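Everything below concerns the one structure shown next.
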Amino acid sequence: MSTSEKVRVAVVGAGRWAQVAHIPGWQREPRAEVVALADVDAKAADEAAATFSVPRAVTDYRELLDDPGIDVVDVVTGNQPHFQISWDALSAGKHVLCEKPVHTDYRKTREAAALAAARGLRTKLGFTFRYAPAIRYAKDLIDSGFVGEPYIFNGFEQNSQWIDPATPLRQFDPEDDPAQIAVSSIEGYGAPIIDIMHWWLGAPLTSVVGAMRNFVPQRIIRDTGRMTRANIDDGDMWIAEFGGGALASIQSSYVTVGNYPGIEARLYGSEGAVIVRLVDEFGICQTIRTARKDAVEFAEVQIPDQYFPPGGHSGEPWEYLFYSGLVSDFTAEILDSGRPGQGDFAQGALVQETINAFEESFRRRAWVDFPLAPAPAATR
Ligand SMILES: NC(=O)c1ccc[n+]([C@@H]2O[C@H](COP(=O)([O-])OP(=O)(O)OC[C@H]3O[C@@H](n4cnc5c(N)ncnc54)[C@H](O)[C@@H]3O)[C@@H](O)[C@H]2O)c1
């Protein structure tokens, strides 16, 4: 817990996402300040520090862990080091915000959640879209009974980021067996809509089934610059059954025509329905439409001001608007020990376990019960 007036943040990884979302988000929050940046690429660290007027830049995040002037470590590197940096930061007594996934094995994420709980530290996942004003407003409508008993949830997370094989793909593991489709879109893209599915339905997931496809067989790989056979999931569809009776579907893809970020969440219930779209179209990044059983034509509704940061609006860049909401919520959680946490590592473990169950159902061509059977966690 910070004893200073402001929550002091070190951002680890100074790449694109740190620069469009994390650092601007923190700098919008009056109760927080970014005091250090770390990137293994010294030039990247120095340039970002200069761009955002951050006083300290280092190449090894471990240099920051003993610093009592840092309260939060914000992990926004490429996926591979997420777990180790988070674990080291929690071990050093820092609150941690980490981009998804903390680990591709949900049991490791759960271990990190347990470490944080044991040390009285806060954690948060980069579930960006949970903090979109339209999604939060919808959640409050759902909690107030607007949809009644939830029947059907449909979640989409899709756009055409990699429909062109010449667009360099990151996060490709050349060690993957080319005969077997590797999980890609559902993990890299699908996690936030799975998070919203669990959050809105608020009931236990009991069973899943689904399929993945590889639509674009060859791609340029960023690390090599070469056109390569990449047998990865670039589109997938899933069905989920929930305790209490609700049904849900999830569809994720990065080869489906449409703009960023490409989230759509629909909930239909006994009394009404809400449809939220987070798609940057014609200068607007979010809409919410609702209907009731006695007024079945969906109409767009205004999102109340209280869901926006001061001066914020739906014409802002979505990365900035939604991330502002995320870091503002994390700051409030750190400053108020009585405030319930949301979107934390425990939730991250639930989302990752759902992804792992989806994959298992595809591999076995069968329904898979949830939660998954216990098995030893990965060693790393
Ligand atoms: N939540 C979202 O909506 C969302 C959107 C985009 C990206 N992301 C995630 O954000 C993360 C970063 O994505 P990006 O597009 O900025 O990638 P990027 O490659 O542009 O930047 C990553 C940076 O991390 C640095 N780095 C790698 N290992 C490091 C280490 N051990 N210590 C310090 N620095 C290290 C790299 O040098 C690079 O500068 C990824 O995990 C990505 O999946 C999330």
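Computed in the context of the full set of protein chains, the accessible area of segment 255-380 at 1.4 Å probe radius has 52% of its extent on carbon or sulfur. Counted by Cβ distance under 13 Å from ILE220, the other residues give a net charge of +3, where Lys and Arg count +1 and Asp and Glu count -1.
Sparse packing (at most 10 other Cβ atoms within 10 Å of the Cβ) combined with a DSSP loop state is found for the following GluC sites (Glu not before Pro) in segment 116-205: GLU175. The relative contact order of the chain, computed from alpha carbon pairs under 8 Å that lie at least 6 residues apart in sequence, is 20 percent.
When the Cα centres of segment 313-332 and segment 148-171 are compared, how far apart do they sit, in Å? When both Cα centres are located, 21 Å separates them. With the convex hull drawn around the C-alpha atoms of segment 279-331, the volume per residue stands at 103 Å³.
Of the solvent-accessible surface of segment 1-126, computed with a 1.4 Å probe over protein heavy atoms with every protein chain present, carbon and sulfur atoms account for 51 percent. For segment 58-125, the direction-averaged projected area of the alpha-carbon convex hull comes to 4.2 nm².
The distance linking segment 240-266 with segment 18-90 is 32 Å (Cα centroid to Cα centroid, whole angstrom).
The antiparallel fraction among DSSP beta bridges confined to the chain stands at about 60%.
Only DSSP H runs of four or more residues enter the estimate; each adds -39500 (n - 2.57), and after division by the residues of the chain the mean residue ellipticity at 222 nm equals -8500 deg cm²/dmol.
Taking amide H positions as modeled 1.01 Å from N, with prolines and chain starts lacking one, the residues under 5 Å from LYS124 and 5 or more places away or on another chain are VAL96, LEU97, CYS98, PHE345. Evaluated at q = 0.12, 0.16, 0.20 Å⁻¹, the base-10 log of the normalised Debye intensity for segment 1-153, with identical point scatterers placed on the Cα atoms, takes the values -0.55, -0.89, -1.24. Solvent-accessible area assigned to carbon and sulfur over segment 153-210 amounts to 50 percent, based on a 1.4 Å probe. In loop segments of segment 242-330 as defined by DSSP, the chymotrypsin sites (Phe, Trp or Tyr not before Pro) with at most 15 further C-beta atoms inside 10 Å of their C-beta are PHE282. Per-residue extension of 0.36 nm, minus the Cα-Cα distance of GLU33 and GLN180, leaves a gain of 48.4 nm for this segment. Write out the GluC sites (Glu not before Pro) in segment 2-48 meeting two conditions: DSSP loop, and at most 14 other Cβ atoms within 10 Å of their Cβ. Counting only loop positions with at most 14 other Cβ atoms within 10 Å, the GluC sites (Glu not before Pro) in segment 2-48 are GLU5. Computed from the Cα positions only, the extents of the chain along the three principal axes stand at 56, 50, 44 Å, in decreasing order. Take the chain with all the other protein chains still there, run a 1.4 Å probe, and you get 44 Å² of accessible area per residue.
Spread over its residues, the convex hull of the C-alpha atoms of segment 169-284 is 128 Å³ per residue.
The values are calculated or read from the model by the stated rules, or taken from the named source; none is laboratory data. Just so it is clear, the model here is predicted, and its values are computed rather than measured. Cβ sites come from the backbone with ideal geometry, for glycine too, and all protein chains shown count toward neighbours. In case anyone asks, the SASA skips ligands and DNA or RNA and just uses the protein heavy atoms, side chains included. Shrake-Rupley method; radii C 1.70, N 1.55, O 1.52, S 1.80 Å.
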